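Read through the structure below, which is laid out as structure tokens, and then see the notes.
The values are calculated or read from the model by the stated rules, or taken from the named source; none is laboratory data. All figures in this text were calculated on a predicted structure; none of them were measured in a lab. Cβ atoms come from the backbone with ideal geometry, glycine included; neighbour counts cover every protein chain shown. These accessible areas exclude ligands, DNA and RNA; they are computed on the full protein's heavy atoms, side chains included. Shrake-Rupley method; radii C 1.70, N 1.55, O 1.52, S 1.80 Å.
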Amino acid sequence: MDVLTGGGPYGSTDVLVYYIYELAFVNFRIDRAAAVGMMFFGALMLFTAVTMKWSNNKVNYDA
């Protein structure tokens, strides 16, 4: 988002992955970047599990 808006007013257009990148490689806060990254990973896993449970599509590979 930095390319399009330059971060927007006070970073309002920044996304979470870019925030993790800034923490790790710009501010050198590897510990916080790892923690935020693990929380993001957990949220993605939870979202994936809920989506898979909700969709309940059965796949049949019989020819």
Put +1 on the Cβ of each Lys and Arg and -1 on the Cβ of each Asp and Glu in the chain; which of 61, 43, 30 then has its Cα farthest toward the positive end of the dipole?
61
What nm value, rounded to one decimal, do you get for the distance between residue 34 and residue 18 when each label is placed 7 Å out toward the C-beta?
2.6
Quick one: length gained pulling residue 43 to residue 55 fully straight, 0.36 nm per residue minus the C-alpha distance?
2.5 nm
Roll a 1.4 angstrom probe over the protein heavy atoms and tell me the percent of accessible area of the chain that is carbon or sulfur.
68
Degrees, to the nearest 10: 30-55 long Cα axis against longest axis of the chain
30
Full-extension gain in nm, residue 27 to residue 5, via 0.36 nm per residue minus C-alpha separation:
5.8 nm
In Å, what Rg and Dmax follow from the Cα atoms of the chain?
17.6, 56
